[in-house]
1. I need the full set of residues from the stretch A:227-236 which are more than 9 Å from chain C (Cβ to nearest Cβ) and out of contact with any Leu (no Cβ under 9 Å at 6 or more places or on another chain), in order please.
2. What residue, among those in the stretch B:517-530 that are in contact with a Phe, Trp or Tyr (Cβ under 6 Å, 6 or more places away or on another chain) and of a type in the set (A, V, I, L, M, F, W, C), is surrounded by the fewest Cβ atoms within 10 Å (Cβ to Cβ)?
3. From (1) assigned to a loop (DSSP other than H, G, I, E, B); (2) at pLDDT 50 or above; (3) over 26 Å from B:Pro436 (Cβ atoms); (4) within 12 Å of another protein chain (Cβ to nearest Cβ), pick out the condition that doesn't hold for B:Met1.
4. Report yes if B:Ser419 is free of Cβ contacts under 8 Å to residues at least 40 places away in the same chain, surrounded by fewer than 21 Cβ atoms within 10 Å (Cβ to Cβ) and touching an Asp or Glu at 6+ places or on another chain (Cβ under 6 Å), otherwise no.
5. Scan C:Ile260, C:Ile237 and give me the residue that is in contact with an Asp or Glu (Cβ under 8 Å, 6 or more places away or on another chain) and at pLDDT 75 or above.
6. Among the strands (runs of 3 or more DSSP E) confined wholly to the stretch B:151-237, which include 1 or more residues that are within 14 Å of another protein chain (Cβ to nearest Cβ), among the polar types (S, T, N, Q) and surrounded by fewer than 19 Cβ atoms within 10 Å (Cβ to Cβ)?
7. Looking at the stretch B:305-378, what helices (runs of 4 or more DSSP H) fall wholly within it and have at least 3 residues that are of a type in the set (A, V, I, L, M, F, W, C) and either more than 14 Å from every other protein chain (Cβ to nearest Cβ) or over 15 Å from B:Leu498 (Cα atoms) (or both)?
8. Of the numbered conditions (1) in a helix (DSSP H, G or I); (2) within 14 Å of another protein chain (Cβ to nearest Cβ); (3) at pLDDT 90 or above, B:Ala417 satisfies every one except a single condition; which is it?
Amino acid sequence: MVKDFIKSKASLLGLIITFSFVIVALVGPSVAPYDPIEMDMVNRLQPPSQAHLLGTDEFGRDILSRILWGAQISIQLGLIAVSIGASVGIVLGLIAGYLRSYVEAFVMRVMDILFAFPYFVLAIAIAAVLGPSLRNAMIAIGVVCIPTYARLTWSQVLSIRERTYVEAIRALGANDLRIMLLHILPNCLAPLIVEVTLDIGWAIIEGAGLSFLGLGAQVPTPEWGLMISTGRNYLAVAPWVATFPGIAIATVVLAFNLMGDGLRDVLDPRIRTARG
Amino acid sequence: MTKPLTRRDYLKTAAAAVGGLVVGGAIGYGAYPALNPAAPKKEVQAPTSFVQGGTLYITYRSPVLNLDPHIMTDEASYGAAQNTMDQLVVFEGNTANIIPNLAYAWEISDDGKEYTFHLWKGVKFHDGTELTANDVKFTFERLLAPETKASYYAYFSSIDKIQVIDDYAAKFILKEPNAIMLAALAAPPSVIMNKKRVEELKGDLSSNAFGVGSGPFKFVEWKVNDHLTMEANENYWAGRPHLDKIIIKEIPERTTRAVAVQTGEIDIGADIPYDMIEQMKGNKDLVTIDDHKIGAYYMGFNCSQPPFKDNVTLRQALSHGVDYGAVLVQFRGHLARSLGPYGPNLWGYPGDIVGYNFDPDKAKELLAKAGYPKGLDVTMHATDWNIDDGQICAASLAKIGVNVKIIHLDAASLDAACSAGKETQLFMMAWGADIPDPDNVLYTVFESTSPINWVHWKNDKFDELVHRARVITDQGERSGLYTEAFKIVMDEAPAAWLHDPGFSWALSRHIHGFQVGPHYQYLLRGVWKK
Amino acid sequence: MLRYIAKRVLAVIPVLLGISIITFLLMHFIPGDPVRVMLGKQAITEEVIERVRHELRLDQPLYLQYFSWLYYALQGNLGRSFQMNMPVLYLVADHFAVTLRLALFGLLVSMLIAMPLGIVSAVKKDSAIDYVSRVISTLGISLPPFFTGIVLILIFALYLRWFPSMGVSTELFSIDGLRTMVLPSFALGFSSATMVARMVRATMVEVLEQDYIRTARSKGLKERVIIYRHALKNAMIPVTTVIGMTLGYLLGGSVIIETIFAWPGLGMLMVNAVMKRDYPLIQGIVLFFALMFTLTNLVIDLIYGFLDPRIRYR
């Protein structure tokens, strides 16, 4: 299976980029040439040069350093948001799918309600209530993800639980929790893994969107989305300020998406996820 | 991104009248040649290069929020009101000179409590009704009515009643003299409204203002958040304006605004980023205008809470710790440093002021003296339109050991937090004078009971000075008092003043005659397009 | 069939109720006193604040406020906006026209990009072309839409002067009106193209491996005929589902595009309403969004049920 994955050039590319991204996230801050927060107004909005490989922003801060520092922020954002969504969602989906009856009805109705909120509206509302910060943006995005995982898990569980071996184990008297965790969940994993991979990329983009509206990362954090958002005022005079973080986000998200697609192709091309 | 300054409320003012009779008469009869008070005059014959006609596209830096002059508080709505309705008097261009408008002359009684305005005959509202003193009375009675909750209520609360002497003369009778009465009458919310039409609309002007005004342009339609259309008033009493039609288009994104002016989709654009202004300098098709207001952007210290309470030395320390030069770099030379609450552009400014310069060593020395030799941690509340200033201040303060945590709020929450004064320590704020008078800056922002005193600072001597300056008439004497008060404020440093308020406009070079008023309102009466 | 329709329609109601309750609660937890924010620069004595609060019935217990809102809402009256003093329904309907227009055009662009990319990818699976087209279509979802939007404005409006930079919502069916739609539709559509392209590709791949396709091939039918007449038609069913989802996504995702391109739509209205704590407006907009979303899904479900009888009997 791994061989198949590597055979696809797209997936391989995705994997390599993701891997590099993780390295940058871990190592970046130590190799950054400048302090990402220190201002140098005299040198503001400088184009890329030897001193500043990617140029400087509106406060004279080195863009390369900020991008290097921002990598770990973006990866945290993606991972934490999706973890929140996935863990809560999978548990809900398992319970709903396995126990059925009123539990299922209630849980899935609530999921329907959450699903019916256009994702952005929900994210804005949650971020507004909790207060604007990177941490709250992660929570807001995580909450928006929950119904996806719940539904995905639930539909998987529905079909798996009917299989004969599950009936057999139940007949043997194994307790429900064991069955859910040891027998049903492992068989659901394939689409969930694909979904998680794709969602990490999506979460990073959503985080950027929330920063645009002032509801995510706050100044002077070198979060890529925030950099694009504040940098967009200077696109006409200093395009590098917003463009390089834009390229950074696009590359990373592209990588996750390619990996996710590749995983899907390898595991089962018929997997339908929320993102297509 | 900058955010428009919003109008603040004002406590009761009490002051003596300016020698109005001579001044008013001289201005009234000097500004326009050969007046015949019986008939409205047409505009003086202008240079023949005027071009009649054309549609003007203009965009402001915030959307029009309200069409009701009594309720509106934002600059964009002021612009809409200014061009579709008329005040009794107006400011001449962007100056503090008051010149006749609907009233061609006025008298002020010796005790300063009676103002009599004489109106032009034959001025018509857009629905054809003639404008008379009854409309003047109606307008101000509505403004003062509690149900209206008018934003300018406090400026006019000293009015006792309004008398209609005859169709073309109205007398305002005040409870006590008011130095800024005329100036308040020149502001956009003081436009005269059509009694008949307002009654037809049952007082609800929220979506339709046709016929309410008598101004150079007629209100046509308003699509919220999209655009507002006006067209020329053919029978305007001061002569038909040159333009046929005006469309105020809302463009929230600053870059898009600037691009739209450069592509020619918009003729006049407000709040163009200074970096782009510099870029536009080489563009022969564009003209840029810098607009300045009286007042200042400042970093405020909450003087009612620790650590800044009763610690002048600490405040002075931080005032020396801000890199003012760095703040100014953003503006590419278009805005100047403000040493104090206002600059030399208004009287009462002490000529020998030194102000606080950026001196990190002195700052550290003062910090130690203030009891914080190792520095301290503070919070700073800011919002979109001042966060860049805030970040720069925070960065330079970090270098002297003051760690600033920036709390970015939306504008309304910032106002609320500053006004409450419980959680704020440092905060970024600005004040631009509504009325070009030192009272409107010094009293309004720093008098201990003023609701806009968000630094929550109290100084008895200062209060005494500004209270006294309100009730005397002689400008020279007032100036002396304000100078002294100014110096007290500087010494006690309840704020670190950064730069003056203002932004830049970009216009197509085909636009002529464009001016901006003291309330940021765009004056389109005299504009023509070639 | 009718039972199925009835069941689905009835299921919508609790969802809408749930949404309105959640929104109501969330709204009241947003920090900031709406009365102070609304009055702002107007008369600010405590008594005026309390009077306005009472007028707006904001001093009543939450559940009462909610039920009174519900009572009027069921009659079609969504209240008046605090800020603008205009009926919420009017504001929402007015702005919705713009958002809908953007979403539909965005969908069109999305399809125009995604269909060819998806088909090509499926047919030439695992080839270089597949790889390239997948990268292109994935790029759509990898770029933040506000970034794409501004870059498009700078390139196509400022430097090339091909298209106007901002929207004028008056004439739609003129050349000018259509020109103003191009850039924002593209910015919007590019990001959702990925979802559609993936779905097209996935279903085409699945269909192409079916037996009846192999049979057609062995019969000697031309490849192109196979693709279009047989494979594509059958692949369309799940693709219609994705179209529904995309429309919902576009309706929700237009917030940023509207701000950048100066299109006065629901997204912009929503953001301003949240900023100004304009409770009736927020409640009205969210309800509206949710209604649209749910209705779209409902219609898709019904179409799906109609096309594929197996679904109905679940």
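The values are calculated or read from the model by the stated rules, or taken from the named source; none is laboratory data. In this text the structure is predicted, and so the values were computed from the model without any measurement. Cβ sites come from the backbone with ideal geometry, for glycine too, and all protein chains shown count toward neighbours.
1. A:Met227, A:Thr230, A:Gly231, A:Asn233
2. Here the residue is B:Trp528.
3. (2)
4. The answer is no for B:Ser419.
5. Of C:Ile260, C:Ile237, the one residue that is in contact with an Asp or Glu (Cβ under 8 Å, 6 or more places away or on another chain) and at pLDDT 75 or above is C:Ile260.
6. Correct list: B:227-232.
7. Filter on the stretch B:305-378 gives B:312-321, B:360-369.
8. (3)
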